[in-house]
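Just below is one structure, and these are the notes that go with it.
Read the figures in this text as sums done on the coordinates, not as results from a lab. Here the structure is a predicted model, which is why all the values come from computation and not from measurement. Reconstructed Cβ throughout: ideal geometry from the backbone, glycine too, with neighbour counts over all protein chains shown.
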Amino acid sequence: MNQLSAINEVLLTEVRFLAFKPVKPDLNRLGNHYLALGLLTAWLAGIGRYWDNPRAELWQYLGLGSLLYVFVLSFILWLLIKPLRPENWSYKAVLIFVGMTSPPAILYAIPVERFTTLETAQALNVWFLAVVAVWRVILLFQYLMRSAKLNGFTVFVAAVLPLVIIVSVLAMLNLEHVIFRIMAGLAEDEKSANDTAYGILVLITYFSLLASPVLLIAYTAIALNKRKSAASSKKA
């Protein structure tokens, strides 16, 4: 198979994947192609996300934050979900999956503040953030069911617990330098088109902190049960 055919297959699979259709990417043959596409789109989305933000730092302008996010998120998902005994579970496979969820983030990179008022831009950014988040969460649920072969309440815990942890960490890192200013109250000249979106993130963080103890208990119980079942199977 030549490179053009390989690229065509990867792009078609990516489109079907983003449309929530069942896909079986050939990771043995085209794994590096899928990974390259995911990292490329994550990098471009990262550059677009910060290119006109005066509060961004150099590494954010270069899109390095988005690339780092892909690797860190993949590691968190791989590490946290591994004790739940998923099938087809490797760091590279999870990394490719996370990369394949990158394209929707380009939507949030649209510089709406350039051609709308600040209030309209804030509202649009909230909607963009919501669309991207829901889109990716649905893809994660499908991945855990279709590829990792998890089911029932285990899927819910496996998907939601990492997200709860990630949301809390992102809020504490305050990457946009405005999250905690929102909590304290922003002066008018400090506002940016992203402030409302990150205000929503603060609210989500509160709910995440409330839910985390329950999810951790459920996660521990499921992991112990999976471990016990695996031990029993070996003895049998």
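Spelling out what I want: for every residue of the stretch 11-17, take phi, set θ = phi - 60°, compute 6.51 cos²θ - 1.76 cosθ + 1.60 (Karplus), and round to whole Hz; glycine and proline get x.
Taking θ as phi minus 60°, the curve returns 5, 5, 5, 4, 5, 5, 4 Hz for the stretch 11-17.
If we sort 105-118, 85-98 on the protection proxy, mean other Cβ atoms within 10 Å, highest first, what's the order?
Details: 105-118: 15.3, 85-98: 18.1.
Result, highest mean first: 85-98, 105-118.
Taking θ as phi - 60°, what are the ³J(HN,Hα) couplings along the stretch 19-36 by the Karplus curve (6.51, -1.76, 1.60), each to the nearest whole Hz, with x for Gly and Pro?
Running phi through 6.51 cos²θ - 1.76 cosθ + 1.60 with θ = phi - 60° gives 8, 6, 8, x, 9, 10, x, 7, 6, 5, 8, 10, x, 5, 5, 4, 5, 4 Hz.
In the structure shown, do any of K21/K149; K82/K149; K21/K82; K92/K228; K82/K226 have a Cα-Cα gap over 19 Å, and if so which?
Table pairs above 19 Å Cα-Cα are K21/K82; K92/K228.
Ranking request for peptides 155-162, 28-35: highest mean number of other beta-carbon atoms within 10 Å first, then the rest in descending order.
On the way: 155-162: 20.4, 28-35: 15.6.
With the highest mean Cβ count within 10 Å placed first, the list reads 155-162, 28-35.
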